[in-house]
Amino acid sequence: MATSREKILKNIKQALVTKVPVPFLTNASNAELFQPSLKELEIEFAEHFTGLQGKFSFCANEQELASQLLQLILVRKWEQVFCKEAAFCEMLVANGFDKTFSNDIASCDVSITGCEYLVARTGSMILSSASVSGRTTSVYAPIHICLAKTNQLVYSIDQALWGMTEKYGTNIPSMISLATGPSRTADIEKTLVVGVHGPKEVFCFLTDD
């Protein structure tokens, strides 16, 4: 008599032999799956991002960005601020940011990174391994601050992915992830817990381009 394991293996073999028609088109389309709302992308992103416990700030220029960021760090009393992206460090210092950056992500209080895109429809940040910050900076620190410009705003995830294809061509980054607010899980007794497997707080500073 066949065991359950043998029956499963037999079914798998039969499935591999039997041709099943593909239920979708083989050619991808760049047609919009969702119709953008009448709101500006900045407003829609901010609404969705803050609705998912993210903290959003709009800055008119880089000087205002440096000022708001420094004020936040002083109020929160963060001592170890990690930023791997030299362009951000130089821009902030040039605009009056007088906080020394830490080189040790393991002991930092907060990390600062950029992003590939901001998705307005879901309030998500598109991150990739191609950035200077790499894979770990945005998830290792207890608090994540993302710096972005308005020209990085898109409406939907598919627009962001098309943009990544146009930007990188055949050299697509090995890791592309969506960060939508602070990390959270409800696996434990259906109770929502924030900050279990990633940053417990996420900030986005959006600067007008």
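FYI, it's all coordinate maths here, none of it is from the lab. Not measured: the values here are computed from a predicted model. No Cβ is skipped: glycine too gets one built from the backbone with ideal geometry, and neighbour counts run over all protein chains shown.
A few remarks follow.
- Annotation for residue 151 and residue 5: the two label points, set 7 Å from Cα along the Cα-Cβ direction, are 6.0 nm apart.
- Phi to ³J(HN,Hα) by Karplus 6.51 cos²θ - 1.76 cosθ + 1.60 over segment 94-107, Hz, x for Gly, Pro: 5, 10, x, 7, 10, 8, 6, 8, 8, 9, 10, 5, 5, 10
- Here's how it looks for residue 149: its modeled amide H is under 5 Å from those of 207, which are all 5 or more places away or on a different chain.
- Taking the fewest neighbouring Cβ atoms within 10 Å as the starting point, the ordered list for 10, 99, 77 is 77, 10, 99.
- For segment 171-180, Karplus couplings with θ = phi - 60° (6.51, -1.76, 1.60), whole Hz, Gly/Pro x: 9, 4, x, 5, 9, 10, 10, 10, 10, 10
- Couplings for segment 48-63, taken from phi via the Karplus curve 6.51 cos²θ - 1.76 cosθ + 1.60 with θ = phi - 60°, read 6, 5, 6, x, 9, 6, x, 10, 10, 9, 9, 10, 5, 7, 5, 5 Hz in order; Gly and Pro are left as x.
- Packing here is the average count of other Cβ atoms within 10 Å per residue, and on that basis the peptides 132-140, 160-168, highest first, run 132-140, 160-168.
- Inter-label distance for residue 165 and residue 61, nm, one decimal - labels placed 7 Å from Cα along Cα-to-Cβ: 3.9 nm
- Cut-off 15 Å, label 7 Å out along Cα→Cβ of residue 174, residues of segment 106-131 by amide N: 128-131
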